[in-house]
1. Considering only the stretch 392-400, I want to know if a residue exists there that is in contact with a Pro (Cβ under 7 Å, 6 or more places away or on another chain) and either surrounded by fewer than 19 Cβ atoms within 10 Å (Cβ to Cβ) or modelled with pLDDT of 95 or more (or both).
2. With the requirement that a residue be outside any strand (DSSP E or B), buried (at least 23 other Cβ atoms within 10 Å of the Cβ) and of a type outside the set (A, V, I, L, M), what does the stretch 246-270 give you?
3. Taking interchain pairs and intrachain pairs at least six residues apart, which have beta carbon atoms under 7 angstrom, with the first residue in the stretch 90-107 and within 15 Å of Gly314 (Cβ to Cβ) and within 13 Å of the ligand (Cβ to nearest atom) and the second among the aliphatic types (A, V, I, L, M) and modelled with pLDDT under 95?
4. Can you confirm whether Ala243 is of a type in the set (Gly, Ala, Ser), at negative phi, buried (at least 23 other Cβ atoms within 10 Å of the Cβ) and out of contact with any Cys (no Cβ under 8 Å at 6 or more places or on another chain)?
5. Could you check the stretch 317-343 and list, in sequence order, the residues that are touching a strand residue (DSSP E or B) at 6+ places or on another chain (Cβ under 9 Å) and farther than 22 Å from Thr213 by Cβ?
6. Out of everything in the stretch 336-357 that is more than 10 Å from the ligand (Cβ to nearest atom), among the aliphatic types (A, V, I, L, M) and within 14 Å of Ala413 (Cβ to Cβ), what residue ends up being surrounded by the fewest Cβ atoms within 10 Å (Cβ to Cβ)?
7. Only residues that are within 11 Å of the ligand (Cβ to nearest atom) and out of contact with any Leu (no Cβ under 6 Å at 6 or more places or on another chain): list them for the stretch 121-156, please.
8. Please go through the stretch 130-173 and pick out each residue that is acidic (Asp, Glu) and within 17 Å of Asn238 (Cα to Cα).
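The values are calculated or read from the model by the stated rules, or taken from the named source; none is laboratory data. Computed from a predicted model, the values in this text were never measured in an experiment. Cβ placement follows ideal geometry from the backbone for every residue including glycine, while neighbour counts extend to all protein chains displayed.
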Amino acid sequence: MTAPSPVLPVHALPSYLQADHLGPWGIYLQQVDRVTPYLGNLARWVETLKRPKRALIVDVPIHLDNGTVAHFEGYRVQHNTSRGPGKGGVRFHQDVTLSEVMALSAWMSIKNAAVNVPYGGAKGGIRVDPKTLSRGELERMTRRYTSEIGIIIGPTKDIPAPDVNTNEQIMAWMMDTYSMNEGATSTGVVTGKPIDLGGSLGRREATGRGVYTVGAEAARRIGLEIKGARVAVQGFGNVGGVAGKLFAEAGARVVAVQDHTGAIYREAGLDVPALMAHVAETGGVAGFAPAEVLDKNKFWDVPCDILIPAALEGQITEANAGRITARLVIEGANGPTTPQADDILHDRGVLVLPDVIANAGGVTVSYFEWVQDFSSFFWTEDEINARLVKVMREAFAAVWQVAEDHKVSLRTATFIVACKRILHSRDLRGLYP
Ligand code: GLU
């Protein structure tokens, strides 16, 4: 058999696909460029990673409660499907853009390959502040969006899940809408569903549990004792809240938490279960006692050993990276550290555990949920957590080894592992037609 042509002709990329294009997609392209020298023969396929396979922009018109019609812009991007169907969440946020969704879909490709679940990468979003919608409006918007992207999603094509501002109820509406259009109940079309609709035990906590699991592994490797360690968390939802709780249970002190409502501090450690209850009740950390109110910007100066950014992209930047006191940064959010900040932290000897491995626990249990839906046989929570921990530890160990072998950051190491897997599948499948 003859090997495929070693050089693929490259046509100039449109400006919004280029690496100097500011924003998450440009950052992602820089990350790919960094690992290309480590990909050996597979580098001939790297162009595949620099363009999303498929990107859909949809108009989402809905009746508002006041009788008028509003239009929202929605997206679903399938970055890569070499290793399996597209997989990744859907976010509802007023700042969502196509470029952001493209980057998030690409990071899903990397993440899914890094933990070796049989998926490609995808992501979706609607440019909307869901807090401005009534429950009825939210449901109508979710259903219309699902129907519009229905031409490219499906249990063997692309499987959405929760992300920023989306939850189990939204997944239930998505599942129902898709099923109605198909004429058959199709639970495997989304993950992160309510337990009674084919959801998985442990899914809600999975991302935070994964953050804790690999965070503890990383801490051990750098001789950082969890017991007594001071932890600062940005974002106290599903990811930051659960991770904070697990670190506190392991004997760490969660000393500072910041979210969209404010920042709080307590040197002796915050009462994490009480704080979680407060956030569930009031929508944020503001007003929690006992704790000191912290100026939002001062959050990055807080003396701590472990920092967990678990909110949105672009939080750790050139402006604050030099002030961070932690020895270990665990990225619960997707893309929280800019490349410049990454370099500053690296030079200062701060270990960054990147998103593409640190927050992969969510999609790992999404994979378990999808497998359970196909077999209509459901596992216990202990089984799920044990399998999750095993997947995360193995993925971490492989990445750590590559980082040691090549003397590169954990982010570059994760990209090397993942890009090799994706491009190896690409190579085996060959080019159609
Ligand atoms: N939204 C989550 C992520 O960014 C989970 C995606 C999924 O479960 O498909 O990893």
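1. No, the stretch 392-400 contains no residue that is in contact with a Pro (Cβ under 7 Å, 6 or more places away or on another chain) and either surrounded by fewer than 19 Cβ atoms within 10 Å (Cβ to Cβ) or modelled with pLDDT of 95 or more (or both).
2. Kept after step one, since they are outside any strand (DSSP E or B), are these residues of the stretch 246-270: 246-252, 260-261, 266-270.
So of that shortlist, the ones also buried (at least 23 other Cβ atoms within 10 Å of the Cβ) come out as 247, 252, 270.
Once the filter is applied, which keeps residues that are outside any strand (DSSP E or B), buried (at least 23 other Cβ atoms within 10 Å of the Cβ) and of a type outside the set (A, V, I, L, M), the stretch 246-270 yields only Phe247.
3. Cβ pairs passing all conditions: Arg91/Val164; His93/Val164; Ala103/Ile27.
4. yes
5. Thr317, Ala321, Ile324, Thr325, Thr338, Ala341, Asp342
6. Here is the first cut: in the stretch 336-357, the residues more than 10 Å from the ligand (Cβ to nearest atom) are 336-354, 357.
Now restrict to residues that are among the aliphatic types (A, V, I, L, M): 341, 344-345, 350-353, 357.
Remaining after also requiring within 14 Å of Ala413 (Cβ to Cβ): 351-353, 357.
Working: Leu351: 20, Val352: 25, Leu353: 26, Ile357: 30.
Going through the qualifying residues, I end up with Leu351.
7. Of the residues in the stretch 121-156, the ones within 11 Å of the ligand (Cβ to nearest atom) are 121-125.
Once the filter is applied, which keeps residues that are within 11 Å of the ligand (Cβ to nearest atom) and out of contact with any Leu (no Cβ under 6 Å at 6 or more places or on another chain), the stretch 121-156 yields Gly121, Ala122, Gly124, Gly125.
8. Residues of the stretch 130-173 acidic (Asp, Glu): 137, 139, 148, 158, 163, 168.
Once the filter is applied, which keeps residues that are acidic (Asp, Glu) and within 17 Å of Asn238 (Cα to Cα), the stretch 130-173 yields Asp163, Glu168.
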